[in-house]
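Here the structure is laid out as structure tokens; the discussion comes afterwards.
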Amino acid sequence: MYISEIEIKGFRNFKDAVVPFHEGVNVILGHNNTGKSNLLRALGLVLGYFNHRDLHTNDLFYETDIAVLQAQSPRLNITITLHRSEREPDDSQEIGLFADIMTDPQLSTEAKMSYSYALTADEEANYLADVAGATTAKEIWKIIDRDYIRKYQSQRLGGGVQAVNVRGKLPQIDFQFMDAIRDVSRDLYAGYNPLLREVLNFFIDYNVKNDATKDDDAKNGELKTLRDDFLAQSSPLMATLQNRLQAGKDIFLKYAKDAGATFNNADPDFDGDLTENEMFSALRLIIKYAAGIEIPATYNGLGYNNLIFMSLLLAKMQAEANSSFMKRNTKLLSFLAVEECEAHLHPAMQYKFLQFLQDNKQNQHIRQAFITTHSTQIASAVETDDLICLTTPAIGQLSVGYPREVFSNSAEDQNSKQFVQRFLDATKADMFFANKLIFVEGVAEELLLPVFAKYLGYNLTDAHVLVVNMGGRYFSHFLKLFDTTKPKTINKRVACITDIDPVEKENGAEDYEACYPYEYGVKADSQYQHHGEAEVALYAAHPNIRFFRQDATYGRTLEYDLMRENVGCEALLTESVKNKNELRRLMAEPNIDTMLDNILRKSDENKRIKDSIRACGWTDDEKNKAIIASRYLNSVSKGANALELNVVLEDNLKKAPADRFVFHVPQYIEEALRWLLS
């Protein structure tokens, strides 16, 4: 069986939340203060890792509604649902362990365990009387902290309608928790450390203990022989040591006797026996390098020792799940919770650790792992099915995105799922941690959006907004993850910025060809299209997704609109822009005929521009903008120009306001940023 769901009410930042899990590795993502750490602690409370003495007033959800606080004392309840594993037999030990807390004993599919923390009924009456006259929530919480929190009691129950005490089941469930603030070096030095000693005790004589060709009696006989041999070899050593100490011991112990240690006929002495467990203290964990260097584990970096410690922890869990070793104390279910597993780990080690956990799951050493992380490397390395994404739309509210259930089994959805999985690298995986997202088609928008935002008075970094370069028009694959009109999706606001890119298909032609805005709709026998028509309409009233593009009459691409809305701005003529002299002359010339006949140099593309401009019915002002924008579009190299323009625009902002050149952010981008950050 495995934990399929947790329901949390009234615990820390969780007012009322339900989070699904799956068998294997669960990677929990989210920005700070979404409750990732609290989620692991909630699991630990139900499974006995923490107890009520670890709880304080601040562990209760801070309710601010006075009416709610005066109607009932704050309380917490955490319930986990354990679900039968696929192909798990009816007579499995886990099903037997939870038989009496199954929600439907006939099916033996699902069991529930809960932890509650609340006032008793008699204290509840006193509480209601004490808070009846309070006028603020803060006043009530002071009363709780001063007079009632120490009177709270905890309870662990299981089952459906008929509640059963589950205290006796906890010893057979292994829940190990590693918090984010940890110093594992002190636990790795020598064999007298409990963790290392337990692991060594299990793995000593491992070949004998796991010999499938022998029964228990044969194994025990061989182990006894090995222990007797050890005792026979160690006894002479201890006798020699005792003899060497004899003369000095009498003087040493005289001080103890003179100090009164012989009171009540007590006589201090030294024990001369030596067990295998005691010999473990002589073993130091060292790290051997290929060059022959040996150093103590404590001299290694924190990240390296974290990996060693986690491997020891998993070895301990393996030992405690071994029935031939632990007998009646065997752990039937093993769960590992690691908070910020990337702590001190280089990205390459993060990948290695993930693979390590996946392998352990395959070997059934642990049933489930719950990992919280801020690491984009980890988020990009795992399968999307392993991700659980937490967001907090408001205080006390939790939205859970569960990509495992977002994509259906349809061919279209499976294609989208595979695309998302391939696309996610360490930079793109940032989308799971940002508060809000801007999806763009290419590198130019990716480079320029942050500086555009500054010209409008925004800071995308401060607002935790991520610009994601899709490398094309692949928005639809990712929007399935964020479409909150569907269940289990990730609740983030997403602005999609796309080029309108007008196209024309002449009569008899097979394909559409790009056209200028002033050519659009001119020929009666041609067909015309704008990119993004369907998307703009589909998401026009969507709760958290919008599409933005250039003006349907005058717009074309980002570069086109940049110049069209800044026709007199020579700062846009960066180093990589071709035809700069021609563009400067066009900017300085108001007469359309002069621009077309005397400034535009002769070329097939410029002839097309001339003929189309003269044929369209636009005003001279719009024609002027269109000529310069068209010529600029045909003179830029997108990536290089965007990088240079980013530098120019940033430098402009550093100047005194009176010394800056005027720059207008394209209208459609301004609309996108205002919607996203409103």
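Some values worked out for this structure:
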| quantity | calculated |
| --- | --- |
| Unmet requirement for residue 640, which otherwise passes all of (1) in a loop (DSSP other than H, G, I, E, B); (2) open to solvent by 30 Å² or more (accessible area, probe 1.4 Å); (3) of a type outside the set (Lys, Arg); (4) in contact (Cβ under 8 Å) with a residue 60 or more places away in the chain | (1) |
| Residue 646 being open to solvent by 30 Å² or more (accessible area, probe 1.4 Å), assigned to a helix (DSSP H, G or I) and in contact (Cβ under 8 Å) with a residue 40 or more places away in the chain | yes |
| Scan of the stretch 112-144 for residues that are of a type in the set (S, T, N, Q) and either assigned to a strand (DSSP E or B) or in contact (Cβ under 8 Å) with a residue 24 or more places away in the chain (or both), ordered by number | 114, 116, 120, 135, 136 |
| Single residue of 454, 492, 480, 488 found to be open to solvent by 50 Å² or more (accessible area, probe 1.4 Å) and farther than 22 Å from residue 643 by Cα | 488 |
| Tally, over the stretch 592-601, of residues that are open to solvent by 90 Å² or more (accessible area, probe 1.4 Å) and within 57 Å of the chain's Cα centre (by Cα) | 1 |
| Breaking point among (1) open to solvent by 10 Å² or more (accessible area, probe 1.4 Å); (2) assigned to a helix (DSSP H, G or I), for residue 661 | (2) |
| Qualifying residue in the stretch 591-609 (condition: under 18 Å from residue 518 (Cβ atoms), touching a residue at least 24 places away in the same chain (Cβ under 8 Å) and not in a helix (DSSP H, G or I)) | yes |
| Identity of the residue in the stretch 207-231, within 22 Å of residue 321 (Cα to Cα) and open to solvent by less than 60 Å² (accessible area, probe 1.4 Å), that ends up modelled with the highest pLDDT | 218 |
| Strands (runs of 3 or more DSSP E) (entirely within the stretch 477-577) containing at least 1 residues that are more than 23 Å from residue 431 (Cα to Cα), at pLDDT 95 or above and charged (D, E, K, R) | 503-505 |
| Failed condition for residue 434, given (1) surrounded by fewer than 19 Cβ atoms within 10 Å (Cβ to Cβ); (2) closer than 20 Å to residue 481 by Cβ; (3) in contact with a Phe, Trp or Tyr (Cβ under 9 Å, 6 or more places away or on another chain) | (3) |
| Wholly enclosed strands (runs of 3 or more DSSP E) of the stretch 378-458 bearing at least 3 residues closer than 30 Å to residue 668 by Cα | 436-440 |
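The values are calculated or read from the model by the stated rules, or taken from the named source; none is laboratory data. Please read all numbers here as calculations on a predicted model, not as lab measurements. Here the Cβ is made from the backbone with ideal geometry for all residues, glycine too, and neighbour counts use every protein chain on show. Note: areas computed on protein heavy atoms with side chains; ligands, DNA, RNA excluded. Shrake-Rupley method; radii C 1.70, N 1.55, O 1.52, S 1.80 Å.
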